[in-house]
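The values are calculated or read from the model by the stated rules, or taken from the named source; none is laboratory data. The structure presented is a predicted model; accordingly, all values stated were derived computationally and were not measured. As a convention, Cβ positions derive from the backbone with ideal geometry for all residues, glycine included, and neighbour counts pool all protein chains shown.
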Amino acid sequence: MWFVLLFLVSENHEAFWEAARTGDLAVIKQLVDAGTPVDAPTKYGATALIYACDKGHLDVVTYLLDRGADINHKDSFYEATALSWALFAEHDEIVALLLARGADGADQVLSFGMRRGSLVLVKAALDAEKLTPAQLVAAKSQINNETPTEIRALLDAVPTEGMGEVHEVPDATLQLYAGAYHSVDLGMTVRFTAGDNLLNGAIDPDQPFTLRPKSNTAFDVVEQTGQVFEFQVDNEKVTGLVVTSGPRTYAFKTGEMPEAESPAVTAEPEAEPQPVLGAKRPWPMFRGVDADGIADGQGVPTRWNVKTGENIAWSTPVAGLANASPIIWGDQVFLVTAVSSANDQTFRPGLYGDVDSVEDVSEHSFRLMSLNLQSGTVAWDVELANRAPAVKRHLKSTQANSTPATDGTHVVALFGSIGLLACYDLEGHKKWHTDVGVMDSGWFYDKSYQWGHASSPIIYRDLVIIQVDIQGQSYVAAYRLSDGTQAWRTDRDEIPTWGTPNVVRGPRDELVTNGPKIRSYDAKTGELLWQLGPNSEVTVATPIYAHGLIYFTGGYPPARPVYAVRPGGTGDLSQIDDKKSEWLVWSKSKGGTYMPTPVAYRDTLYTVANDGRVSFYDAETGDETGRYRLGAGVSICASPIAADGRLFFTADSGDVIVTTTGPNMRELARNEMGEICMTTPAASSGMLVIRTLNHVYGIKQKINESASEQQEALQMK
């Protein structure tokens, strides 16, 4: 009986939060009258008031406040109040209401109002009568030629005398704090300039904020309550900066982010590695054989030029959008795409934290294609379905995110937003379609934000295996290649994830999955073998296997670990206090990376952060052996690959950066594709294949042929 009651309470809470997100005041009133607590929190501490403020439902906010909702409650994950959510979403009328009802944060509202030139926000902040002289001084320092006259008049009319003391910091001290500070762990640089008893800051690349002094070394953030910047000073010299945000602290060093933190390159650099063409090796799934990302002996060139045609064998336009990578088997390149009937090409690469979805849910043509590896000509192009996706996509996502897989007889494609798992032969003939259910992957904090499923299918023996971590019931499942029927399914207590599973072959073949809880299953039966935590709340990287170890990484709060696990374990491998499992060979509690899958090449594990910071670890011991920066302003979602002593990093901008390997890493080439590129390259049989936003390119080392001759040949094609 208690279980039934608990289930009903949970269901009521879910309905309550959903009504707050959608603005259904009638349902909210009904549930509150039936006993639902007005401040019932989600797993992450979000409440109905927070959701209503974020979505802009003024009537719901008013009702919840009237029923006693805690106006200053902070969620437990982002530590943000309802006012902060409304402020960032630019629901100014709700912000004004919250302040009028006694919410904290008038100083934050005032600063935002000044930056945005919002009379509503500035007036609401002043009317709250909670501002200190320091906060008013900070606001007045933001006045410039673009500040509306009405806002100037409001500030001028407010006296600062008699409202308490403003802590004055000597100008020489403020000038001492001016400059740059960096955190390698966060991949972030913050810069300060000194103002009128204030410090004006900006986070790389451009997120301005203002610091006001609490003491000569400690400063509050005007725009964000609960954050303190403490400058570390020794003998009148600034040695660093510590940022406290709630229970978390972050250390910054003085100076710009180093371009490279590798050991110094020798005066005589080693000879440049050359491409090697050896035995053919297919690239049958995401990141190639076993997702290892290694293309040794496949003749991958170091340099090419799309504009001149240098080393460009062919270029083929592809309709639609896809973040799915190409795969190669023999002389065939396979890829998928989704073509919007509304021709909505909305796409936004780069480093940003926007959680919004693209609204395009028009009918899409979901397609599987085969191209000739040597010429790029389309051998066949099959429409698998034509329907509207049931799930929206993120600004950086598409409706075709999952890379297909092949075993040389079958080619399998997965489209999560329509719940389609499909199998074809290599001539494009349909073998079977299986409805696996719509896959709604999105923000764990608020399920109304849909981002799109991205985990790719893998083929293991006579099975195709998929990892489906979604807003509903998550699971891993295996389907028979022969007919698409389900062989086994194991449910997972998991929030949405985006990583592809992998199989580690051995005496006991293990299916390993990334997620907030790392797990391993018997690949033949789906039985859970072991699990490990903690990990990031959002995981994207695929587990990889090398040197007898399985490597996992996560780069999103609350944990950013790197793990190296020996297969064969059972039970919970998580480290408890000082007790470490014998199966956990080494780990790092921070420094894990977010989207790109690492590559273990030769004796080194390479991870790359979204901002282009590369870290090197001894693959067997976990000792950090170096760091390298791919350049300022670089944004990377694609995963690196390795070939013949070189690493290939594909930036969102379309630049493919080629470097040497080892501790003395250096850049060899920066090849511009000329289009956005979010996919991981494929390499086989002397050809590097890259999918950009609108094209697929075949890149091949050409001998004794001028760039002009190559360009002429390309145009003739």
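Annotations for the structure displayed:
- The number of residues in region 525-550 being part of a loop (DSSP other than H, G, I, E, B) and not acidic (Asp, Glu) comes to 14.
- Search result, residues across region 271-323 that are in contact with a Leu (Cβ under 9 Å, 6 or more places away or on another chain) and charged (D, E, K, R): 272, 303
- Residue satisfying condition, being of a type in the set (Gly, Ala, Ser), surrounded by fewer than 21 Cβ atoms within 10 Å (Cβ to Cβ) and either in a loop (DSSP other than H, G, I, E, B) or modelled with pLDDT of 95 or more (or both), within set 520, 482: 482
- For region 563-578, the candidate set comprises residues that are closer than 21 Å to residue 547 by Cα and among the β-branched types (Val, Ile, Thr); within that set, the residue that is surrounded by the most Cβ atoms within 10 Å (Cβ to Cβ) is 565.
- So residue 647, is it in the same structural domain as residue 549 (by TED's automatic domain parsing), under 23 Å from residue 551 (Cβ atoms) and not in a loop (DSSP other than H, G, I, E, B): yes
- Per-region count, region 386-408, residues under 18 Å from residue 369 (Cβ atoms) and surrounded by fewer than 17 Cβ atoms within 10 Å (Cβ to Cβ): 2
- Counting the residues of region 36-75 that are of a type in the set (Val, Ile, Thr), more than 20 Å from residue 447 (Cα to Cα) and assigned to a helix (DSSP H, G or I) gives 1.
- Any chance residue 639 is in a strand (DSSP E or B), in contact with a Ser or Thr (Cβ under 6 Å, 6 or more places away or on another chain) and assigned by TED's automatic domain parsing to the domain that holds residue 304: no
- Meets criteria (of a type in the set (Lys, Arg), surrounded by fewer than 24 Cβ atoms within 10 Å (Cβ to Cβ) and either under 25 Å from residue 693 (Cβ atoms) or at pLDDT 95 or above (or both)) for residue 430: yes
- Here residue 169 clears all of (1) modelled with pLDDT of 85 or more; (2) over 19 Å from residue 201 (Cβ atoms); (3) touching a Pro at 6+ places or on another chain (Cβ under 7 Å) except the condition numbered (2).
- Members of region 81-105 that are surrounded by 21 or more Cβ atoms within 10 Å (Cβ to Cβ) and not in a helix (DSSP H, G or I): 81, 91, 103, 105
- Residues within region 605-622 that are surrounded by fewer than 20 Cβ atoms within 10 Å (Cβ to Cβ) and touching a strand residue (DSSP E or B) at 6+ places or on another chain (Cβ under 7 Å), tallied: 3
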